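Shown next, in structure tokens, is the structure this report addresses.
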Amino acid sequence: MSERVRVLVVDDSALMRKLIPAILARDPSIEVVGTAMDGAFALKKIEELRPDVVTLDLEMPRMDGMETLRLIMQRAPIPVILFSTHSKEGAYSTFKALALGAIDFVAKPKDAAAGHLDVIADQLIEKIKVAKRAGRSKPAAPVFADAKPQKKATRAALPPNRIIAIGISTGGPNALQFMLSQIPGDFPASLVVVQHMPEGFTEMFSRRLDECCAIDVHEAKSGDLLVAGRALICPGNRHMMVRRMPRGDMAVLSDGPAVNGHRPSADVLFHSVAQEFGLTAVGIIMTGMGDDGAEGLGAIKAAGGMTLAQSEDSCIVSGMPHAAIQKGHANKIVPLDGLGAYLVSQYGGGRAHGEKADRNDKTERIEKQEKQEKNERTSVSSHRT
């Protein structure tokens, strides 16, 4: 039997310090080794107990979660899962803390003060296990919080040369910010993004991305047009699809059932992009746990589109890319620090350039296949003689 995951629970609420260990005790592979009422106590307990994972409340007296996290990352980085409130201030603090190095977050239920934590029990247990597996070896993507790119005052709503669909989960906020910040404001493609994130957080996440990226980034609304130089982020607890309509290509939101345990689901988006755009579709699957998006990426590939997977060694959690790669659904595997540059080089020079790049890539794949078949025929022929 593998070692149990040793967890330190940090929260200023005495009730939370009882309830969180109680729900974690449901899983025999997790052991709560201690609790702390604020950051100062947490730092001492970390040094004394050497936990594998810390759950950290951001709003605490004396030393708050943000300062605690900063010191944890400076002294001896260990995986940290944040407990965040649903308020705008809570969402802002959450993304700031993720940029400092926290692996993921769990949104506190609005009635958490009444002791109702059952709704997030399974999610918290799974994220703690993932955090332990991710460990300290994979740093978060570099994020430049103060970067304010030059935005165009006005941007014509031009039809895109490509629809680029992105599916991403754990480790996603920093990875997505890093990748999108590499893309220029005049990028001729349109991007649609499913980031696994609770309702109430995607609006603030979209604003943060918009502030640090040259392209426009918005939380999607049904009927939003897919235009060049814009990224649409699917709202939490909705699905996003795309449709070709007389007045233009657009995003459509739905309240359909969860797929692969997720709403939003990358598979829902990818299947719709494959169906509507085929040859002009690009699918990218990035860091995240589970296998959401793998089958949808295969649908884009089968429809003649281009498919990319973030390299597993550059992911905080490699479950989603690994699933797609194992199924053979990724045309190319690209590290995080090369994804933005790849998109710009292949699809940043207008429709003709993008089509030429795709043709060259498909020609290269055909040539490799023909060479392999030729080698196999030669091998068979030599055995016969």
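The values are calculated or read from the model by the stated rules, or taken from the named source; none is laboratory data. In this text the structure is predicted, and so the values were computed from the model without any measurement. Every residue, glycine as well, gets a Cβ built from its backbone with ideal geometry; the counts of neighbours run over all protein chains shown. With ligands, DNA and RNA removed, areas are computed over all heavy atoms of the protein, side chains included. Shrake-Rupley method; radii C 1.70, N 1.55, O 1.52, S 1.80 Å.
Below is a table of values for the structure above.
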{"read-out": "Per-residue ³J(HN,Hα) for segment 211-222, Karplus 6.51 cos²θ - 1.76 cosθ + 1.60, θ = phi - 60°, Hz, x for Gly and Pro", "value": "5, 10, 10, 6, 6, 7, 10, 9, 6, 6, 10, 4"}
{"read-out": "Charge tally in the Cβ shell below 9 Å around Ala251, where Lys, Arg are +1 and Asp, Glu are -1, Ala251 excluded", "value": "0"}
{"read-out": "³J(HN,Hα) computed for each position of segment 181-197 - Karplus, 6.51 cos²θ - 1.76 cosθ + 1.60, integer Hz, glycine/proline x", "value": "5, 8, 9, x, x, 8, 4, x, 9, 10, 10, 10, 10, 10, 10, 4, 7"}
{"read-out": "Fully extended contour minus Cα-Cα distance, from Glu203 to Val252, at 0.36 nm per residue", "value": "16.0 nm"}
{"read-out": "Equivalent ellipsoid semi-axes - Cα gyration tensor, segment 1-130, angstrom", "value": "19, 18, 14"}
{"read-out": "Mean separation of Cα contacts under 8 Å (6+ apart) over length of segment 262-316, as relative contact order %", "value": "42 percent"}
{"read-out": "Which of Arg70, Arg230 is most accessible, then next, and so on - probe 1.4 Å", "value": "Arg70, Arg230"}
{"read-out": "Cβ-placed point charges (K, R +1; D, E -1), dipole of segment 260-355 about Cα centre in debye, nearest 20", "value": "180 debye"}
